[in-house]
Each structure stands twice: as structure tokens, then as C-alpha cells.
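Trainee: Dropping a structure here in C-alpha cells format, bear with me for questions.
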């Protein structure tokens with residue numbers, strides 16, 4: 001139980017920090033207020049915030065492995081004025097919290113697959129998606145793990161916007177006792193199409209991402225902390241759950 005207290009504390013702190021500035025009723029329902037350049041800036045921010053954050057080392061879970069967790073990321077928006085127009089809320093915060101429920105399962109051949117779901121508080125933003133990771137070097141006592149990782153996420157709940165992201169990244173990690181630091185680099189593709197807004201057209205955006213973090217495992221309880229920069233937009237994340 002003492003382990004659980006230490007695991008829950010970082011996530012509770014990040015949740016408080018990211019949720020506090022968000023005002024009520026931050027629905028994305030006023031895209032008609034945006035010029036095309038503002039819609040592209042808005043889509044960049046949204047793609048960077050909603051694209052899947054790894055929050056896990058490169059090594060595979062193994063055939064019997066599971067990772068069941070809740071995460072929160074806080075993304076510092078680069079174009080908050082566009083967000084305020086898109087939501088009709090002039091007090092919209094420059095930090096967007098993204099809570100996420102995650103389930104990942106280990107498979108043979110050092111492959112992991114997972115699914116996730118997000119519902120941003122006080123908004124109509126919902127998202128689901130999946131991931132697959134292959135640790136083609138699974139690491140050992142003297143050898144780091146190296147993995148390639150692909151993800152897909154789909155926005156739902158926003159009538160005015162169809163948006164999905166996909167990403168591919170390469171990561172490396174090495175365990176030391178209960179701590180496993182990791183770093184990675186990848187590319188994120190965001191496709192955003194407005195619905196019922198004749199003044200706007202769709203945007204396709206490519207953004208390079210860099211990330212690094214540490215996974216801390218205490219038997220079953222597990223936490224991970226990560227910093228992600230996608231297209232120059234920074235997100236800080238924490239994950240708590242059970243991993244074996």
C-alpha cells in the first residue's frame with residue numbers, strides 16, 4: 001500500500017495542475033470564427049496534444065505481460081488565440097489537459113499492442129486509438145532495448161471537425177534496477193477536415209517529435225514520467241497503473 005501512495009501522488013499532482021485552468025464548456029463548436037491560417041495553427045496544436053504519447057520504455061512486455069494505466073498529459077498550446085476563437089471562450093487556458101485510459105498486451109516475438117480512450121474535461125473532445133510496438137532488440141543486462149512504434153488516434157464528439165493522427169517513432173531504453181530511462185524520435189501526421197464550415201478547407205500536417213522519460217516499476221505498481229515535443233509544442237505527461 002505504501003508503494004501505491006507513491007505511485008498515485010505524481011499523477012494526482014499533474015491532474016490538479018492541468019485541470020485547474022480549464023474553464024467550463026470548452027466545446028470546439030465555433031470553427032467559423034477562424035481564418036484558414038488560424039485553422040492550420042489550431043490543427044497543429046490539436047494534433048500535437050492528441051497524438052499518442054508513449055509513456056513506456058522500448059522493451060516489450062512479454063507474452064504474459066499487461067500494462068493497464070491512466071495517464072494525464074498537459075500540452076502548452078502555441079496558438080491559444082485560435083483556440084479561444086474555435087471555442088468561443090476568451091478565457092481558454094494555454095494548457096490543455098488530456099487524460100487517457102490505456103491497456104497494452106504483450107504478444108510473442110517482442111510485440112506489444114494496445115488501445116486507448118480520451119475524454120477531455122469540460123469539452124466535446126473524445127478520442128480513441130491503438131498502438132503497436134516491436135522491440136526488434138529486446139535488450140538485456142548489457143544491451144539496451146530498441147523498438148519501433150506506430151499509433152493511430154481518431155477524434156470524435158466534435159461535429160465541426162474530422163481529425164485523426166498517426167505516428168511512427170523509434171525509441172531506446174535501458175533498465176537500471178527499478179528505473180528504465182528512455183528516449184525517442186518520430187514523426188506525427190495530422191489530418192484535419194472542417195465539417196459545415198464553407199470558409200475553411202482541410203489541412204495535412206507533418207510534425208517531428210522528440211521525447212524522453214523514465215519508467216519506474218515497483219513490482220506491479222508502475223509510474224512513468226515523460227516530456228514530449230511535437231513540432232515545437234511541448235507536453236508533460238505522467239502515467240500510473242499496473243505493469244507486469
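Read-outs throughout are calculated quantities, based only on the coordinates presented, and are distinct from any laboratory measurement. For clarity, every value in this text was computed on a predicted model and none was experimentally measured. Glycine gets a Cβ as well: all are built from the backbone with ideal geometry, and neighbour counts include every protein chain shown.
Trainee: Mind checking the angle between helix 36-50 and the chain's longest principal axis? C-alpha axes, 0 to 90 degrees, to the nearest 10.
Mentor: 20
Trainee: May I ask you to list the residues of region 211-238 whose amide nitrogen lies under 13 Å from a point 7 Å from Cα along the Cα→beta-carbon direction of residue 64?
Mentor: Nothing falls inside the zone, counting backbone N under 13 Å.
Trainee: Additional query: Set the Förster distance to 51 Å, then compute FRET efficiency between residue 122 and residue 177 from the Cβ-Cβ distance, nearest 0.05.
Mentor: Step by step, r from the Cβ atoms, then E = 0.80.
Trainee: Now for a separate question. Among 37, 91, 76, whose mean-square fluctuation peaks in a Gaussian network model of the chain (Cα, cutoff 10 Å)?
Mentor: Between 37, 91, 76, it is 37 that shows the largest mean-square fluctuation.
Trainee: Between 80, 183, 143, find the one with the highest GNM mean-square fluctuation for the chain; connect C-alpha pairs within less than 10 Å.
Mentor: 143
Trainee: Using only the alpha-carbon atoms of region 128-231, report the extent along each of the three principal axes, biggest first, to the nearest angstrom.
Mentor: 58, 25, 20
Trainee: Of all the Cα-Cα pairs you can form in region 97-166, what percent are over 17 Å apart?
Mentor: Looking at region 97-166, the distances longer than 17 Å represent 54 percent of pairs.
Trainee: Sticking with this structure for a sec: Only Cα pairs within less than 10 Å get springs; with that Gaussian network setup on the chain, which residue of 54, 204, 69 has the largest fluctuation?
Mentor: In the Gaussian network model the winner is 204.
Trainee: Further, regarding this structure: Which value in nm describes the separation of the simple spin-label points at residue 81 and residue 94, placed 7 Å from the Cα toward the beta carbon?
Mentor: Modelled inter-label distance: 1.3 nm.
Trainee: How far, in degrees from 0 to 90, does helix 2-19 lean away from the longest principal axis of the Cα atoms of the chain, to the nearest 10?
Mentor: Tilt relative to the chain: about 20 degrees.
Trainee: Could you work out the relative contact order of region 118-218? I mean the mean sequence separation of Cα pairs under 8 Å and 6+ apart, divided by the number of residues, in percent.
Mentor: Answer for region 118-218 is 20 percent.
Trainee: Remind me, relative contact order of the chain in percent, using alpha carbon pairs under 8 angstrom and six or more residues apart?
Mentor: Relative contact order of the chain: 23 percent.
Trainee: Once fully extended, how much extra length lies between residue 109 and residue 142, figured as 0.36 nm per residue of separation less the alpha-carbon to alpha-carbon distance?
Mentor: Residue separation times 0.36 nm, minus the Cα-Cα distance, leaves 9.9 nm.
Trainee: Same structure, new question: Over the chain, one equal point on each Cα, no solvent: what is log10 I(q)/I(0) by the Debye formula at q = 0.10, 0.14, 0.15, 0.18 Å⁻¹?
Mentor: The calculated log intensity ratios at q = 0.10, 0.14, 0.15, 0.18 Å⁻¹ are -0.46, -0.87, -0.98, -1.34.
Trainee: Next up: Could you list 239, 174 in order of exposure, starting from the residue whose Cβ has the fewest other Cβ atoms within 10 Å?
Mentor: Starting with the residue having the fewest Cβ neighbours, the order is 174, 239.
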